[in-house]
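What follows draws every value from the coordinates through simple rules; no lab data is involved. Since this is a predicted model, take the numbers as computed values, not measurements. Virtual Cβ from ideal backbone geometry, glycine too; neighbours counted across all protein chains shown.
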Amino acid sequence: MITRRALMASLAAAPLAASHAAAEPPPASTGGRRHFPNPTLLTQDNERVAFYDDLMKSKIVLVNFFYVECTGICPAATANLVKVQELLGERVGRDIFMYSITLKPLEDRPPQLKMYQEMHGIKPGWTLLTGQAEDCELLRRRLGFADIDPVVDRDVGNHIGVVLIGNERLDSWAACPAQTEPKQIVRTVSWMDR
Amino acid sequence: MLTRRDLLKYGISTATLSGFAPRFARGDDGDGPRTPFVTKPFIQELPLPLVKSPFSTGPNCVAGLPTVGVKAGPGAHQFFDQPGCAPTLAYTVDVREALHQFHPDMPATKIFGYDGTFPGPTFRAHYGEPILVRFFNNLPKDHVGFGIPSITTHLHNGHTASESDGYPGNFHDSGTYWDNHYPNVLNGFSKDPQETNTADCMNTLWYHDHRLDFTAQNVYAGLAGFYLLFDDSDCGDETNGNGLQLPSGEFDVPMVFGDKVFDADGQAVFDFFNLDGILGDKYTINGAIQPFMNVKPRKYRFRFLDAGPSRFYAFALSDGTQMIQIANDGNLLAAPIARSVVTIGVAERHDVIIDFSKYLVGDRVYLMNRAEQTDGRGPTGTLLTPGDPLVEFRVTSFDRTDVSQIPSTLRTPPPKDLTQVVARRSWEFNRGNGQWTVNGKIFNNDEVRAHVKCNTREIWTLKNGGGGWSHPIHIHYEEFRMLSRNGGPPLAFEDRKDIAVLGPGEEVQVFFNFRDFQGPYVMHCHNVVHEDHAMMIRFDVEP
C-alpha cells in the first residue's frame, strides 16, 4: 500500500523540473499529432489557443469536460479537481496543466467561464476552454468523452465524468473517474511524470 | 475431405480466407484505427511458447538466484518455510522490451515480453513442487507510447499469498525485482493437509501483468503467458495408465488469442481514448496472425485462452465437427461435454479435445470465431456464419497408435458445504457518467470493500447492472463454485470457475471457501479496459 507520506515523497523526489518539458524536444515517435486535432479554442480570459500546439504538446495534462450550469456530476468533480490542483501545487501552470472543455460552447462563452473559475476558486494553470461548437464536439469524440449509446450520449446532464491524464512527450495516457480521491489522481499524475 | 468446394458450401469464401472484415469499437464514426497491412492468412506456422526452465533447484535454490537491481518486494512470504511450501525450484524472468514478428508481411513490432517473448514462456508446474519466480523489471524507463514500465505479475487462478498474487497496488518499477512464491499446494493445506482434496486441483492457469490502471496496456503490449499445473490425474503423460491419459506432449497445445491493431510502421496501436473496451482488426494466436498448424490424424488437447483486452469468441470448427470440452477455467469437468460452439470471455480458459482421426492426409479444417462483436460492450449474441477463420489445421500423416483417451469421467468436484456459509455479499457491476462502478463506487486502493474471515465460506451474488454491457468478472484468491445463473441452474460446463461472464442483465450466485492465505486481494471486470477504469474492489482476507 502506498501511504500519503510515501506519495508526497515520491512526488517531491520526482525528476521532473521546470526545464524538463522545455529542454527536451518530443521524440519523433510521439503520437500526439495522430491523437489530437489542433482547433483554435478560447480561454476564460478570451485568449485564442491552439489545442495541440499550445495546450498539449510536450506537457503533462489533465483534461475533462464540463459545463457551467451542470447540476449533475460537475460540481463534485470540479471541487475534487480543485483539491487536485492544491495537491499538485506550483507545478500546475509550470509543467503540469489542467484543462476543462465546455460541453455547451454556445452558452459557455469566456465571461461565463471566467465566472465559473472565480466561483470555484480555480487557480492559474487550470484553463477553462470554449470554442466553435463543432471543434468542441470533435475534441469530445476524439478524447473519448462520448458515450457509445446514442441515447445516453444525448443526455448532457449525465455526461462522462472522467479526467484524462497524460504525458504528451511520452505518449502515455490514462483516465480516472473525476471523483476519484484527489490523492489518487495526483498519484496517477506522478506515474506519468517519468 | 474439405475442398474449396466444401469451403464454399460452409460459406467460407476465398475472400473470408484472405483476411477478415474489421469489426471493432468506434468503427462507425470512422475514427477508429485500422491496420494498413494486408496479412495473408495461413502462411506462418502456429508458434509454440518456449517451456520455462528453472535457474536453480534444490532446497537452497532461492539463495542461488541473481540479485541484480533493487528488491522491491515482498517484505515477507506467508508459509514460505512450511514443509511442502519451501521452494525447490527457482526461476528468473526478464521482463523487457523486444521485437516480435506478428506476420511476415509486416515489420517487427515492439513488445513488452516475459523474457522478451510473446506469449511469455510456459511454466510447467506440478502439485507438490513449490516454486519461486523472480521477476526482473528491465523495461526501459524512458519508454514512449502505451504501456508503462512498471509491473506486478498475477498468476491467474493461482492459490497464492497476497504478496505473491500480483496485487495491482504492488507494482514495481524498472530496475527492481519482485519474488512471487507459487507453492502449488492444494487449497486448505494450512489447516490440515490430511483434509485436502485432489478434487481441488487446477490445471490451466496463466500469468499476466496487473499494474494498477495499466493492466490493459501492459497485457496488450505482450505481458501474458501460460502456467500449466499438473497432478497425478492430469499428469501430462498420455501413456501413463494411472492418469487420465489426456493428449500430452506435442499433442497438448496452448493457444492464446488476442486481437490487435497495427499502424503503418507495424507497431501495435492502443486506443487510449476508448474506455468502453477495444477491439483489434487482426487476430493473433500465440503471437501470430492467422497461422496454420500441421496436425496428425489423432486427438489433440487445445488449451484456449482469451487474453483480451475486450473481445469474446465463439469457437467452432469450419465443418461443424464437435469439440469435446474437458475443462473450464483450467478445472477438469466432472465429465466431458461435446460442443459445436465454445464461447469464451476475456481471461477464461477452455480446454477442448479435437479428434482429427476422421480426416485424410491433406485435408484442411479451420478453427473459426463465430461471435459477432462490434464494440467493447460485448458480443451481440449473433452467431456469424461462417465467421472468421483463426487457425488452419492441415492434416498430415501419422504412423503410430493414438494412446490418448477421452475418459468418460474426469474429476468429481469437491463437496459444497452450504450449511457453513458465514456471510453473503452482493455486488452490482454498473456504469454511470461513463465511469465503471461496483455497487455504485469506483475502485480505491485504500478502501477495503469486504473483510473476509480466513477459512470461512461465503456466497456472493454478482449482478450485471445492464445497459447492454457484458462483464467477465474475475475474483482472486480462491476459485468459486457456480451455484446459479439468473435464478436457474448454471450452464452445464460451469462449476469450478474463476471468471463469471455476466451478459447484459445477468446475475449469478457463487460459493467460496476462502482458505489459507491472508491479505488484500481484488475482484474486477476482466474486460481490462473496464478494470483499469475502476471496475474493481479490494477485499481483505483476515484472521
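Structure data summary
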read-out	value
Euclidean distance of C-alpha centroids, the stretch B:61-109 and the stretch B:227-252, integer Å	26
Shape metrics for the stretch B:114-195, restricted to C-alpha atoms - Rg then Dmax, Å	15.1, 52
Sorted peptide list for A:134-145, B:484-495, criterion being average Cβ within 10 angstrom, highest first	A:134-145, B:484-495
By average C-beta atoms within 10 angstrom, highest first, the peptides B:398-407, B:38-47	B:38-47, B:398-407
Average other protein chain Cβ within 10 Å of Cβ, residues A:174-184	6
Among B:ALA335, B:THR239, B:PHE356 the positive-end extreme of the charge dipole of the stretch B:225-382 (Cβ point charges)	B:PHE356
B:LYS453 long-range amide H proximity, modeled H, under 5 Å	B:GLU542
Shielding by other protein chains, B:466-474, mean Cβ within 10 Å	1
Rule-of-thumb Rg ratio for the stretch B:164-219 [Cα; 2.2 N^0.38 Å; N residues]	1.50
Amide proton proximity set for B:GLY468, modelled H, under 5 Å, gap of 5+	B:GLY505
Over 29 Å (Cα to Cα) - which of B:LYS52/B:LYS260; B:LYS71/B:LYS260; A:LYS83/A:LYS104 fall in this group	B:LYS71/B:LYS260
Cα extents of the stretch B:475-538 along the three principal axes, largest first (Å)	32, 31, 16
Using θ = phi - 60° and Karplus 6.51 cos²θ - 1.76 cosθ + 1.60, couplings along the stretch B:442-456 (whole Hz; Gly, Pro as x)	8, 5, 9, 4, 9, 10, 8, 8, 8, 9, 9, 7, 4, 6, 10
Average partner coverage of B:176-183, which counts Cβ from other chains inside 10 Å	0
Qualifying lysines (Cα of each under 27 Å from Cα of B:LYS453; at least 8 residues distant if same chain)	B:LYS191, B:LYS416, B:LYS441, B:LYS463, B:LYS497
Chain B: projected area of the alpha-carbon convex hull, averaged over directions, in nm²	23.7
Volume in Å³ per residue [convex hull over Cα atoms, computed for the stretch B:209-255]	79
Angstrom value of the Kirkwood radius, inverse mean 1/r, which spans all Cα pairs in the protein assembly as shown	26.7
Magnitude of the charge dipole, the stretch B:391-543, Cβ model with Lys/Arg +1 and Asp/Glu -1, debye to 20	340
Equivalent ellipsoid, the stretch A:90-151 (semi-axes from 5 times Cα gyration tensor eigenvalues, Å)	23, 16, 10
Of all DSSP beta bridges in chain B, antiparallel share, percent nearest 5	70
The stretch B:344-454: radius of gyration over Cα atoms, expressed as a fraction of 2.2 N^0.38 Å	1.74
P(r) of the stretch B:57-131 over all Cα-Cα pairs, binned every 5 Å from zero, in whole percent	3, 12, 16, 18, 18, 12, 8, 7, 4, 2, 0
Selected from B:PHE480, B:ALA264, B:ALA224, residue furthest toward positive end of dipole (the protein assembly as shown; charges at beta carbon)	B:ALA264
Relative packing of peptides B:215-222, A:148-155 - highest average C-beta neighbours within 10 Å first	B:215-222, A:148-155
Cα gyration tensor, the stretch B:412-543 - rounded (a/c under 1.5), prolate or oblate	oblate
